[in-house]
1. Taking 0.36 nm per intervening residue step and subtracting the Cα-Cα distance, what contour gain separates residue 137 from residue 115 on full extension?
2. At a 10 angstrom cut-off on C-beta neighbours, averaged per residue, how do the peptides 96-107, 113-124 rank from highest to lowest?
3. For 112, 75, what's the fewest-to-most ordering of other Cβ within 10 Å of each Cβ?
4. So, R0 is 22 Å and r is the distance between the beta-carbons of residue 130 and residue 108; what FRET efficiency does that work out to, to 0.05?
5. Would you please calculate the Kirkwood hydrodynamic radius of the range 46-115 over all C-alpha pairs and express it in Å, rounded to one decimal?
């Protein structure tokens with residue numbers, strides 16, 4: 001028996017016109033459905049890739065740097081790193097930010113991050129760089145109140 005008929009209407013047509021990147025985050029796995037492939041960087045990138053019980057999570061974060069709890073921007077933007085020279089997140093020079101440079105193939109201080117985990121993709125690195133730069137414009141994508149800073 002053959003079935004036929006109209007498939008109906010498409011409420012999220014934009015998701016299909018751009019190859020599926022909008023709303024799915026297919027390039028990074030970090031989308032939110034808003035067409036932004038990066039999504040909420042503190043939640044979907046920093047917490048997911050850098051957080052956890054043995055890294056920069058809420059419970060005994062390495063070097064006191066919690067990248068998992070709400071308020072990440074308050075803990076990293078303009079805050080000097082503890083173990084490496086520089087500022088954790090410097091909106092004026094995102095690529096010189098310690099949390100960015102620690103993810104590069106060659107690091108100038110300490111070990112490459114995330115330690116013992118897969119490296120971030122180029123798209124994820126671009127998302128992080130953009131998020132850091134946006135913090136200087138006062139457009140934080142993190143939520144909640146921050147605490148005292150820490151650093152890598």
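1. That works out to 4.9 nm of additional length.
2. 96-107, 113-124
3. 112, 75
4. 0.50
5. One over the average 1/r among Cα pairs gives 12.1 Å for the range 46-115.
Computed from the coordinates by the stated procedures, all read-outs in this text should not be read as laboratory data. As the structure is a computational prediction, the values presented were derived from the model and not from experiment. Glycine gets a Cβ as well: all are built from the backbone with ideal geometry, and neighbour counts include every protein chain shown.
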